[in-house]
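Heads up, the thing below is written out as structure tokens.
Bear in mind these aren't lab numbers, they're just calculated from the coordinates by the rules spelled out. These figures come from a predicted structure and were not determined experimentally. Using ideal geometry, Cβ is built from the backbone for each residue, glycine included, and neighbour counts are taken over all protein chains shown.
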Amino acid sequence: MSKARLIDGKEIAAKLRKTVAAQTLTLRNSYGLVPGLAAVLVGEDPASQIYIRNKETHAREMGMNNFSRKLSKNTSEAELLKIVSKLNANPEVNGILVQQPLPTFIDAFTVIENVDPAKDVDGFHSFNLGALLRGSGGLVPCTPKGCMMLLETTLSDLNGANAVVLGRSNIVGKPLAQLLLAANTTVTITHSHTRDLPEICRNADILISAIGQPELIKGHWIKPGAIVLDVGINRKKTKDGKQILVGDVDFDEAIEIASAITPVPGGVGPMTIACLLENTLIACCQQNGVPVPEI
Ligand code: NAD
């Protein structure tokens with residue numbers, strides 16, 4: 001069997017960003033509207049600082065306004081909620097995201113529920129998750145949305161395919177399973193208590209992993225010809241002591257068995273930010289009663 005085709009998330013995300021930038025320009029020229037994104041960071045977590053910087057840079061490249069806030073690690077929950085409330089009330093801010101993880105003394109659920117659902121561009125608010133469950137409206141969580149876009153570029157018809165999702169987090173696994181269900185796949189969700197995971201994986205036409213376990217999924221877990229999306233981002237030390245990023249899937253083994261696979265890095269990751277920018281554009285249109293462009 002020949003090697004799997006690489007699903008190039010970098011390239012697909014770059015195309016999406018180009019479209020979002022063009023639509024942002026149209027919005028400005030036709031309606032005088034400039035989408036505004038506020039990414040809120042509490043503390044100095046190094047990975048979060050990189051994520052926030054990327055989001056700011058890409059938002060600016062789209063021609064969007066940046067209202068990001070960087071808050072001290074001692075910021076209290078009450079102070080953070082006050083800032084969220086101010087951003088909610090600012091009509092120039094169309095999208096708000098609060099970077100996770102938050103310090104342990106701040107309840108992430110309370111913070112998410114206090115973001116105006118119309119501005120919740122992460123799609124984490126109960127209102128948006130409820131809309132996802134119902135199958136219409138609402139802002140869709142970015143990583144699952146990006147996964148669906150990658151799948152659609154790979155497989156023209158998802159109808160009836162067996163999709164196995166590894167991981168049941170609120171931000172990836174659960175919303176992704178809903179999107180796969182809406183796309184008429186037959187979905188199995190697995191988690192840390194699942195029995196005989198390799199056997200379940202071997203039944204997957206579409207295998208998507210979001211568990212955060214470096215290279216757990218081996219080649220012999222994969223059905224020949226399956227499509228594999230690897231959401232996991234894990235740090236690994238190589239034999240010569242270098243730090244590298246790897247996914248949840250043993251890439252070298254899986255590429256010999258699957259028909260298409262995402263690399264880590266350069267697969268799902270770039271799609272997450274591109275979808276965040278798309279959500280900000282959509283939120284801006286919806287808040288201003290302007291038709292949402294076809295993307
Ligand atoms: P999480 O820790 O909230 O959830 C992990 C899930 O995996 C849990 O539901 C757990 O039950 C399940 N799990 C853990 N070990 C398992 C095992 N051995 N077998 C089966 N299931 C198992 O994680 P998360 O926030 O959903 O993130 C998961 C991974 O995806 C992480 O590596 C994270 O860095 C990555 N991630 C990547 C992106 C991206 O843009 N590419 C976005 C979000 C998360």
Q: Could you work out how far the C-alpha centroid of the stretch 268-295 sits from that of the stretch 91-152, in angstrom?
A: 12 Å
Q: Output the DSSP H helices from the chain with an along-axis C-alpha extent of no less than 30 Å and a mean Kyte-Doolittle hydropathy no less than -1.0.
A: 9-31
Q. What is the Cα coordinate range of the stretch 67-109 on the first, second and third principal axes, sorted by size from largest, in whole angstrom?
A. 30, 19, 17
Q) GluC sites (Glu not before Pro), restricted to the stretch 196-255: which are DSSP loop and have at most 14 other Cβ atoms within 10 Å? A) none
Q | Residues in the stretch 67-102 that a label on Gln49 would reach, taking backbone N under 14 Å of a point 7 Å out along Cα→Cβ | A | 70-73
Q) Taking the radius of gyration and the Kirkwood hydrodynamic radius from Cα positions alone, what is the Rg/Rh ratio for the stretch 186-295, to two decimal places? A) 1.10
Q) For Ser30 and Lys239 in one chain, what is 0.36 nm times their gap in residues minus the Cα-Cα distance, to one decimal in nm? A) 69.6 nm
Q: Hey, could you get me the Stokes-Einstein D for the chain, Kirkwood radius over alpha-carbon pairs, 4 °C and 1.567 mPa s, rounded to whole µm² s⁻¹?
A: 65 µm²/s
Q.
From the helices alone, meaning DSSP H stretches of at least four residues, give me the mean residue ellipticity at 222 nm for the chain, per-run term -39500 (n - 2.57), in deg cm²/dmol to the nearest 500.
A. -12500 deg cm²/dmol
Q: Amide H neighbours of Ile7 under 5 Å, at least 5 residues apart or on other chains, H built in the peptide plane: list them.
A: Ile261, Thr262
Q. Can you pull out the GluC sites (Glu not before Pro) in the stretch 47-137 that DSSP calls coil and that have at most 13 other Cβ atoms within 10 Å?
A. Glu92
Q.
Strictly under 4.7 angstrom between C-beta atoms: which cysteines of the chain have no such partner?
A. Cys147, Cys201, Cys284, Cys285
Q: Could you pull out the longest piece of the chain with no exposed loop trypsin sites (Lys or Arg not before Pro) in it, calling a site exposed if DSSP puts it outside H, G, I, E, B and it has at most 16 other Cβ atoms within 10 Å?
A: 74-194
Q: Output ³J(HN,Hα) for the stretch 220-227: one whole-Hz value per residue in order, computed from phi by the Karplus curve 6.51 cos²θ - 1.76 cosθ + 1.60 with θ = phi - 60°, and x for Gly and Pro.
A: 6, 7, 9, 6, x, x, 5, 9
Q: Find the lysine pairs in the stretch 1-88 meeting two conditions, Cα atoms under 17 Å apart and a separation of 8 or more places or different chains, and report how many there are.
A: 8
Q) R0 = 30 Å: FRET efficiency of Ser72 with Asn170, Cβ-based, nearest 0.05? A) 0.65
(Q) Through the Karplus equation 6.51 cos²θ - 1.76 cosθ + 1.60, θ set to phi - 60°, convert the phi angles of the stretch 186-196 into ³J(HN,Hα) values in whole Hz; use x for Gly and Pro. (A) 9, 9, 10, 9, 10, 7, 5, 9, 5, 8, 6
